[in-house]
Amino acid sequence: MNPLKTVNGAILTGLLLMAALGFALGGSGFSVQNLDRWLHIISGVAWIGLLYYFNVVQIPGLAAAGTDKGGPGGAGISKYIAPRALLWFRWAAVVTALSGVLLIEFAFRPLGGGLMQVLALQEGFRVIGVGSWLGLIMLFNVWVLIWPNQKKVLGITPATDEQKAAARNVALLASRTNFVLSLPMLMCMTGQSHGLPF
């Protein structure tokens, strides 16, 4: 059986290749901190990748499908794609945030920092602190604004047409806010250890 024919097979193959390359390239050795950093990066890529997919591909595509007279419409996306994408989206957000908290503790506690120092934007931790706050705002938007409203839009929870229209607007604005916040958030997340570009 070809592992590339299933999502689980592809994930397992990627993990095995990663482990093989890590050992072959003589990595720094296994540690919980390194594993957590990797988990934070991978889940962050999934979260932000889906955020960009929604804002750059799906939302404009559904708008175009809605105005295309005689076109296919967006029912297939709304019924099959969006719920699955939103499942990965919201849980990738949680894993990114939790692994980020652990990473802050692992990486900055020995330097006199930690979660409270980072979130308080103390000297030496301001860049990662701003990135962390932006990430937490984005996580809030996912779970408090985007997901509850998308459930109405997709018919997962009952809603009138007026409620769906209002929910669509709230979800769109929260998602676009996250799209905007993602750019400075990513800059701050990488900027703490790699330097800011400006």
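Right, Leu35: more than 19 Å from Asn169 (Cα to Cα), modelled with pLDDT of 95 or more and not β-branched (Val, Ile, Thr) or not?
Values: more than 19 Å from Asn169 (Cα to Cα): yes; modelled with pLDDT of 95 or more: no; not β-branched (Val, Ile, Thr): yes.
No: the conditions fail for Leu35.
When you look at Leu39, is it under 18 Å from Leu186 (Cα atoms) and assigned by TED's automatic domain parsing to the domain that holds Ala82, yes or no? Don't jump to the end; show me each part of the working.
Numbers: under 18 Å from Leu186 (Cα atoms): yes; assigned by TED's automatic domain parsing to the domain that holds Ala82: yes.
Answer is yes for this residue.
Looking only at the range 56-109, which residues are hydroxyl-bearing (Ser, Thr, Tyr) and either in contact with a strand residue (DSSP E or B) (Cβ under 6 Å, 6 or more places away or on another chain) or closer than 17 Å to Leu139 by Cβ (or both)? Steps first, please.
So the first thing to find is which residues in the range 56-109 are hydroxyl-bearing (Ser, Thr, Tyr), and the list is 67, 78, 80, 96, 99.
Hits for the range 56-109 are Thr96, Ser99.
Of the conditions (1) closer than 27 Å to Glu105 by Cβ; (2) at pLDDT 90 or above; (3) not assigned by TED's automatic domain parsing to the domain that holds Ile146, Ala19 satisfies every one except a single condition; which number is it?
Condition (2) is where Ala19 drops out.
Checking Phe89 against (1) touching an Asp or Glu at 6+ places or on another chain (Cβ under 8 Å); (2) farther than 19 Å from Thr190 by Cβ; (3) not acidic (Asp, Glu), which single condition isn't satisfied?
Phe89 satisfies all of (1) touching an Asp or Glu at 6+ places or on another chain (Cβ under 8 Å); (2) farther than 19 Å from Thr190 by Cβ; (3) not acidic (Asp, Glu) except (1).
State yes or no: is Gly49 more than 20 Å from Leu173 (Cβ to Cβ), in the same structural domain as Asn169 (by TED's automatic domain parsing) and either in contact with a His (Cβ under 8 Å, 6 or more places away or on another chain) or outside any helix (DSSP H, G or I) (or both)? Full working, then the answer.
Numbers: more than 20 Å from Leu173 (Cβ to Cβ): yes; in the same structural domain as Asn169 (by TED's automatic domain parsing): yes; either in contact with a His (Cβ under 8 Å, 6 or more places away or on another chain) or outside any helix (DSSP H, G or I) (or both): no.
No: the conditions fail for Gly49.
I'd like to know if the range 58-76 contains one or more residues that are under 17 Å from Trp147 (Cβ atoms) and either assigned to a helix (DSSP H, G or I) or among the charged types (D, E, K, R) (or both). Can you show your working first?
Looking only at the range 58-76, we keep the residues that are under 17 Å from Trp147 (Cβ atoms), and these are 58-59.
Subset that is either assigned to a helix (DSSP H, G or I) or among the charged types (D, E, K, R) (or both): 58-59.
Checked the range 58-76: at least one residue is under 17 Å from Trp147 (Cβ atoms) and either assigned to a helix (DSSP H, G or I) or among the charged types (D, E, K, R) (or both).
For residues in the range 42-78 being aliphatic (A, V, I, L, M) and within 11 Å of Phe89 (Cβ to Cβ), which is surrounded by the fewest Cβ atoms within 10 Å (Cβ to Cβ)? So that I can check it myself, show each step before the final result.
In the first step, residues of the range 42-78 are kept if they are aliphatic (A, V, I, L, M); the result is 42, 45-46, 48, 50-51, 56-57, 59, 62-65, 75, 77.
Next, from what is left, pick out any that are within 11 Å of Phe89 (Cβ to Cβ): 46, 48, 50-51.
On the way: Ala46: 17, Ile48: 22, Leu50: 19, Leu51: 22.
Here the residue is Ala46.
Within the range 1-16, count every residue that is assigned to a helix (DSSP H, G or I) and over 17 Å from Leu39 (Cβ atoms).
Taking the range 1-16 as the starting set, the residues that turn out to be assigned to a helix (DSSP H, G or I) are 3-5, 7-16.
Within this subset, residues satisfying the condition of being over 17 Å from Leu39 (Cβ atoms) are 3-5, 7-10, 13.
Going through the range 1-16 one residue at a time, the tally reaches 8.
Considering only residues of the range 80-121 that are among the charged types (D, E, K, R) and at pLDDT 90 or above, which is nearest to Asn34 (Cα to Cα)?
Glu105
The values are calculated or read from the model by the stated rules, or taken from the named source; none is laboratory data. Keep in mind that this is a model prediction, so the values were computed, not measured. Cβ: placed from backbone, ideal geometry, glycine included. Neighbour counts: every protein chain shown.
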